[in-house]
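A.B. asks: Got a structure for you, written out below as structure tokens; questions coming shortly.
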Amino acid sequence: MLLRSLILKNFRGYQNFKIDFDDNLNVIVGKNDIGKSTILEALEIFFNSDKIKTEIEDLCAKATTKEIVISAVFEVEQSKKYTIDTIPTSLTDEYLLNKDGMLEIQKRWDCSKDKLTAASLKQYICANYPSTFADTPLICLNNTNLKKVYKNYKDQVNAGGLIVRETTNSEMRQAIYQVSTFEEFKEITIPIDKIDGNDVWSSISLDLPLFFLFQSDRANKDTDKEVQDPLKAITKTAIDEVVDKLEAVKKQIEDSAKKIGEATIQKLAEMNPELAKVLHPNISNKAWDSLFTFSFVGDDNIPMNKRGSGVRRMILLNYFRAEAERQNTKNKTIIYAIEEPETAQHPNHQQLLIEALTEIANKDKHQVIITTHSPEVAKLCREENLILIDKVDGSTQIVSGDLKLKGIANTLGIIPYLSRLVVCVEGENDRKFLLNINRNVPELKEIIDLNSENISIIPMSGSSLKNWIDRDYLSGSNVVEFHLYDRDKDDKYREHISRVNKKDNGSIGVLTSKLEMENYISHCLYEEEFGIDCSTINDWDNEDMGQYAMNKSSKFPEKSGKTENIVKQIICGKLSKKMSKERFEKINAFDEVVGWFQQMRKMYEN
């Protein structure tokens, strides 16, 4: 279940607002006091209402109605079964999805009184429901009332040979739906706080993503949230991986305690029957994560909350770096929301942080949402991952298109930076490949050091905000460019290379002799990393190694475009760092690669 949208109505500065989320990384940018933190806190209220409460002061000053609404929209597996009543059924079969086929859960707070209480909150599902039953949704009816409706369809059900138990609500509902032809649908809200709707919510809520919010403000006390929140997240995530076993133990304890309690009441009835009649076993328990604590202890015994803010934020940084390497064993989406992660961090650490968060976000069923004021963080982010919030005609809105990118650049003060030589490559993976082999192969670094010389490497497709800004500036300049692109099977860059070579400013374009950069990695590194056999590959130079590694490796059960991209990131990132002159020579690539860097050296010096 992935979070797709958040809808706010009359909540703080938002009168009517919707923000859509990518299924990976989301970076929210905007001026101070524009409402970035409000978005994260609204999500915290939705997912973890025990941590942050809605107050009457949260009602928007411009509200025309005395009601706060926070809605979350989720992409769900259409065929996934949920136990509503007693029989597993899908949200599609129960008509509980909105017009876009998404699960939309709405929380409303009645603000007509002086303050908000637990009774002020009502929860609903926004559904595109058959008009026939829109006034009284079948899911809300108890057994007695549902039988009355079912009676009108019973003959059709029997004629169709369906066997339905009238003691089971879900069977009656499904039978009614199956024999009905619905031509019109109506968007309605279905209450899920009622007794008969409670099973709907309790079942669906178990599948909701885990949501962790880390805020930049320090509490300045022993339970400093800046440190405690990630540590609590460690405990909560660990518990969630074994919660089924813990719940089984809890049920055994409850059953055993009830038996003892019932036996006690039976004995009491022999002495005082009237008292025994009004007693019944009642068991309460605390949340599992409240029974465990996790902390870091230093040899100097200095409490973590007494250390500098940079150290505390460093713990947060490395929590996410460790999380990037941890495998999520639970089939549930995890959402990490971080407010201004760059706080108290050196720019070099900011880069490590965004790389770790990107790696987490690229994992299956992981989403990351951050807010930032940092140009360094924003520059590292891809265009599709950036969200700009700004005032438009007096209301806070999401800005899109080129206006978004120009707006972010202006908001954060990002200016283009181009050096004496610009190396243009296809994508971010190719950029990392060039930098890694240059840094780790001494023979290449001796020719020209890409890290120390005044050289820019710009991916020409997609990529980060910084690269978009530089490309935008590059198009109007006369900077000398060295273009290096994959040959690819369809030769899509051959014409572009031809145009580059026709320029009169000394720019040069080259296509690789092998299919892609992934073909410039040694066989043994593929076998070691992915546990595959490369000896059966007949034409190494023309094999699509991203697809080959993904399809052959048991590490990637899901075969998709997203998975292939992750595989390519590993190849051009991790594996390229292990290349050497000898390994390049074994795949007949060293002379060609040397030629790339010699050409860069020549252009740079001229």
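A.B. asks: From the residues in the range 476-496 that are outside any loop (DSSP other than H, G, I, E, B) and surrounded by 12 or more Cβ atoms within 10 Å (Cβ to Cβ), which one is modelled with the lowest pLDDT? It would help to see each step written out before you state the result.
C.D. replies: Going through the range 476-496, the residues outside any loop (DSSP other than H, G, I, E, B) turn out to be 481-485, 494-496.
When the remaining residues are screened for being surrounded by 12 or more Cβ atoms within 10 Å (Cβ to Cβ), the result is 481-485, 494, 496.
Numbers: Glu481: 85, Phe482: 91, His483: 90, Leu484: 93, Tyr485: 91, Arg494: 82, His496: 79.
This residue is His496.
A.B. asks: Let me ask something additional. Mind checking which strands (runs of 3 or more DSSP E) fall wholly inside the range 1-94 and carry at least 1 residues that are farther than 30 Å from Lys379 by Cβ and of a type outside the set (A, V, I, L, M, F, W, C)?
C.D. replies: Because the criterion is at least 1 residues that are farther than 30 Å from Lys379 by Cβ and of a type outside the set (A, V, I, L, M, F, W, C), the strands (runs of 3 or more DSSP E) in the range 1-94 that meet it are 2-11, 14-20, 67-75, 81-84, 87-90.
A.B. asks: Of the conditions (1) within 32 Å of the chain's Cα centre (by Cα); (2) farther than 19 Å from Ile70 by Cα; (3) modelled with pLDDT of 90 or more, Tyr124 satisfies every one except a single condition; which number is it?
C.D. replies: (2)
A.B. asks: A follow-up question, please. On the given criteria, is Glu339 surrounded by fewer than 21 Cβ atoms within 10 Å (Cβ to Cβ), over 23 Å from Lys432 (Cα atoms) and within 16 Å of the chain's Cα centre (by Cα)? Let's see the steps before the verdict.
C.D. replies: Numbers: surrounded by fewer than 21 Cβ atoms within 10 Å (Cβ to Cβ): yes; over 23 Å from Lys432 (Cα atoms): yes; within 16 Å of the chain's Cα centre (by Cα): yes.
So Glu339 passes the test.
A.B. asks: Of all residues in the range 402-427, how many are without any contact (Cβ under 8 Å) to a residue 40 or more places away in the chain and assigned to a helix (DSSP H, G or I)?
C.D. replies: So the answer is 6.
A.B. asks: Determine which member of the set Lys53, Lys81, Lys36, Lys31 is under 22 Å from the mean Cα position of the chain (by Cα) and basic (Lys, Arg).
C.D. replies: Lys36
Rundown of residues vs (1) surrounded by 11 or more Cβ atoms within 10 Å (Cβ to Cβ); (2) basic (Lys, Arg); (3) modelled with pLDDT under 80, yes/no style:
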site: Gln215; (1), (2), (3): yes, no, yes
site: Lys221; (1), (2), (3): no, yes, yes
site: Ala233; (1), (2), (3): yes, no, yes
site: Glu241; (1), (2), (3): yes, no, yes
site: Ser256; (1), (2), (3): no, no, no
site: Met271; (1), (2), (3): no, no, no
site: Val278; (1), (2), (3): no, no, yes
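A.B. asks: Let me ask another. Scan the range 45-59 and give yes if some residue there is over 29 Å from Ala409 (Cβ atoms) and of a type in the set (Ser, Thr, Tyr), otherwise no.
C.D. replies: Start the filter on the range 45-59 by keeping residues that are over 29 Å from Ala409 (Cβ atoms), which leaves 45-59.
So of that shortlist, the ones also of a type in the set (Ser, Thr, Tyr) come out as 49, 54.
Yes: one or more hits.
A.B. asks: Okay, next question. Tell me, please, whether a residue that is of a type in the set (A, V, I, L, M, F, W, C) and more than 12 Å from Val27 (Cα to Cα) can be found in the range 379-392.
C.D. replies: Yes.
A.B. asks: Can I ask one more? Which one of these is of a type in the set (Val, Ile, Thr) and free of Cβ contacts under 8 Å to residues at least 12 places away in the same chain: Thr92, Thr167, Thr117?
C.D. replies: Exactly one residue qualifies, and that residue is Thr117.
A.B. asks: Just name the residue that is modelled with the lowest pLDDT out of those in the range 498-550 that are small (Gly, Ala, Ser) and buried (at least 16 other Cβ atoms within 10 Å of the Cβ). Let's see the steps before the verdict.
C.D. replies: Pass one, the range 498-550, residues small (Gly, Ala, Ser): 498, 506-507, 509, 513, 522, 531, 535, 546, 549.
Keeping just the survivors that are buried (at least 16 other Cβ atoms within 10 Å of the Cβ) gives 507, 509, 522, 546, 549.
Values: Ser507: 86, Gly509: 89, Ser522: 96, Gly546: 94, Ala549: 95.
Here the answer is Ser507.
A.B. asks: What pairs come out if I take residues in the range 265-281 that are touching a residue at least 40 places away in the same chain (Cβ under 8 Å) and pair them with residues that are surrounded by fewer than 10 Cβ atoms within 10 Å (Cβ to Cβ) whose C-beta lies under 6 Å away, six or more apart or interchain?
C.D. replies: none
The values are calculated or read from the model by the stated rules, or taken from the named source; none is laboratory data. Please read these numbers as outputs of a predicted model, since none were measured by experiment. In this analysis, Cβ positions are derived from the backbone assuming ideal geometry, glycine residues included, and neighbour counts consider all displayed protein chains.
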